[in-house]
Structure formats: structure tokens, C-alpha cells
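Nothing in this text is a laboratory measurement; each read-out follows from the coordinates by a stated rule. A quick note: this is a predicted structure, and the numbers were derived from the prediction, not measured. Here Cβ is always computed from backbone atoms with ideal geometry, including for glycine, and neighbour counts include all displayed protein chains.
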Amino acid sequence: MNQRASVSPAVAGHEMRIGQGFNARHFAENDFQGMIDPVIMLDHFHMTTPTFEPHPHAGISAVTYVFEDSASPHHNYDSLGNRGPIHAGDLHWFVAGRGAVHTEQPEGDSPHVHALQIFVNLPAAQKMIDPHATHVDAADVPVFQAPGVRVRVVTGESQGLRSPARLPQPFTLLDGFLEAGGTFEHAIPAGWNAMVYAVQGTLSLSVDAFACTQPLAEGRALGATEASAVRLTAPDAAHFVILSGPALREPMVKHGPLAMNSIEQMDDRLSAYRRGEFGQLAMPASRAGNPSVVDDAP
């Protein structure tokens, strides 16, 4: 048992609504006492209309994971020339690096996207790497199954299964489902933090062989640091997400969807964006958008 393991209080997602077509539960890194580093932000969102203008990113990866029950795909456009649908069960990992522009939106008749948007901080040594994207199709995501348990290993590894996602840094994203009485345990490597989010239903969460046990209600999340394992059980059917990665423990300066290590670096990236160095992208003529381009946005 790791005596140093710590768990944050459970945090309720902030209800966020933009226009008529976007609502989310929003979680920010400063709500978790540093225990979800390198995660900067998690939005669990429903989106039915185009909402966001093309906007810049730098110093982070902007990650989109579309839940399997999404009624329609999320369409990606970026200044690297990538464009196309992110279907139900797919992962799209957009490494902004030194800077790029993108947007994502539902399209078609009566669209409804159900997904996660995650900002994952890049370490200082990778903040100026070339932007690029990794996509994993739903059919290629390995699935762990046991009595009362089904867990998609979207990135990273768990229970002997490894995702094919090739990422700039180690990171695990698990999308899990428990039936009543089901139990799932996930090992956390040394030096990693973890975030557990109850998407639906109530979980009972234990850290490091019952060193800490607490309920986690639907719509709430918590962070864990210096833990070697988390164990989840559910009295009734539940849906959860686990995010985990090596803690960076580096200084961070945020400006909307950009994150650098100093004010000077941030000023440099904002200037580069204004000079057009992040590139441009073409959008369908039917797109509607929100005029703000540097807010937290999918």
C-alpha cells in the first residue's frame, strides 16, 4: 500500500451552456488541487449545432472522444488539412504543439454529438513540436470484459490490453461500464495522477487496497495522486471514465485553449497566431459559430 496516496474531494461539473446547441459539464484542473495534472480541462458535452468558430491551440493536445451512444459523428477541421468525421466510439487526438487552428461540429439532419473534450498539457520539451493528429477508429479500440464489467481501452493500457493510439506522451483513457455489483480495478504507474469521472450512476471508489473509499455520484469527478491502483464498484448500473498520465509538475500559464510555461512563451505564441503562423482552414458555408476564438472550446 502506498501511504502517500491522496484523493481530492469530489467535484461537481460546472454546468455550461452556449447558445441553443451546446451544453456541458465542465471540469478545470484548478478544482482538483493539482491531482489531475497533466489534464487541464474535461468537458462532458452534448452538441446539436455548430457552436464554435475556428480557434487556436498551442502547448496542449485537444482530445475528442465520442461516446458509443452518440447519435451522429463530430466533424473535425484543422489547419493541418485534416477534415472528416469522428464517429461514435472514435478517438481524435489533436497535438497542437507550437500552434494550430481547428474546430469540430455536428453536421447533417438532426445531429446530436455526445462526447468528451479533454485538454492534456504537453511537457515543456514538447510544447514547440510540430502539430499533428492521431485518430483511432472505434473498431480498433480494445475492450476488456469480465462478469459485470466492460471497459474500452481508448488510449494507454489496462488489464493487459493496450490501445493502438500513438501519442506524444503516455496517457490512459478508459471508458467503462459496470452492471449492478460489478467491480473494476485499474493499476496506476508510479508518478502518474488519475481522474475518475462518474458519467452515469453512482460509484464506490477505493484507492490503494481500501486506503480510501468514498462514493462518487453521477456528474462528479475526483483526482488521485501517488496512488498505485483505483478500484470501482457500483450498486447499480454505472458508466465511468478514467484519465491518467504522468504528472508534469511544471509552471503553467493559460490563455483560453493555449497553455505554455511562462508569460513570455504565451506572448510569443499569441503573436505567432496573430501573424497567421498557426495556419488557416476552410469551413462549410453552412457553419454557424460563436465569435470568441480563444475561450475554452472543443
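Here are some notes:
- Hull-based mean projected area of region 14-274, where the convex hull spans the alpha carbons, in square nanometres: 13.4 nm²
- q = 0.11, 0.18, 0.19, 0.20 Å⁻¹: log10 I(q)/I(0) that the Debye formula gives for region 94-240, counting C-alpha atoms only: -0.50, -1.19, -1.28, -1.35
- Alpha-carbon centroid distance for the pair region 16-65 / region 124-148, whole angstrom: 18 Å
- Cα centre as origin, Lys/Arg/Asp/Glu Cβ charges: the chain dipole, Debye: 360 debye
- By average C-beta atoms within 10 angstrom, highest first, the peptides 94-106, 4-16, 37-49, 64-76: 94-106, 37-49, 64-76, 4-16
- Between residue 247 and 192, 193, the built amide H atoms are under 5 Å apart, and every one of these is 5 or more places off in sequence or on another chain.
- Distance (nanometres) between label positions extended 7 Å along Cα→Cβ at residue 4 and residue 236: 4.0 nm
- Between residue 139 and residue 179, the C-beta separation translates, for a Förster distance of 22 Å, into a calculated FRET efficiency of about 0.40.
- Distance distribution P(r), region 1-89, all Cα-Cα pairs, bin width 5 angstrom from 0: 3, 10, 16, 21, 20, 14, 8, 4, 3, 1 percent.
- Contact order normalised by residue count of region 14-274, Cα under 8 Å, 6+ apart, percent: 18 percent
- For residue 99, nonlocal amide neighbours, meaning residues 5 or more places apart or on other chains whose placed amide H falls under 5 Å from its own, are 59.
- Placing unit charges on each Cβ (+1 for Lys and Arg, -1 for Asp and Glu) gives the chain a dipole about its Cα centre, and among 129, 9, 165 the Cα reaching farthest toward its positive end belongs to 129.
- Using θ = phi - 60° in the Karplus curve 6.51 cos²θ - 1.76 cosθ + 1.60, the 3J(HN,Hα) couplings for region 265-275 round to 5, 5, 4, 4, 6, 5, 5, 4, 4, 5, 7 Hz; x is entered for Gly and Pro.
- Exposure proxy ranking for 107, 226, based on other Cβ atoms within 10 angstrom of each Cβ and starting from the fewest, stands as 107, 226.
- Stretch gain in nm, segment residue 268-residue 253, where the contour uses 0.36 nm per residue and the Cα spacing is subtracted: 4.2 nm
- Computed 3J(HN,Hα) for region 150-164, one whole-Hz value per residue from the Karplus formula 6.51 cos²θ - 1.76 cosθ + 1.60 where θ = phi - 60°, is 9, 9, 8, 8, 6, 9, x, 8, 6, 6, x, 9, 10, 6, x, glycine and proline marked x.
- The ranking of 83, 274, 220 by Cβ neighbour count inside 10 Å, starting from the fewest, reads 274, 83, 220.
- CD proxy at 222 nm, helix term only [per DSSP H run n ≥ 4: -39500 (n - 2.57); per residue of the chain; nearest 500]: -1000 deg cm²/dmol
- With K and R counted +1 and D and E -1, the other residues having a Cβ less than 12 Å from that of residue 164 yield a net charge of -1.
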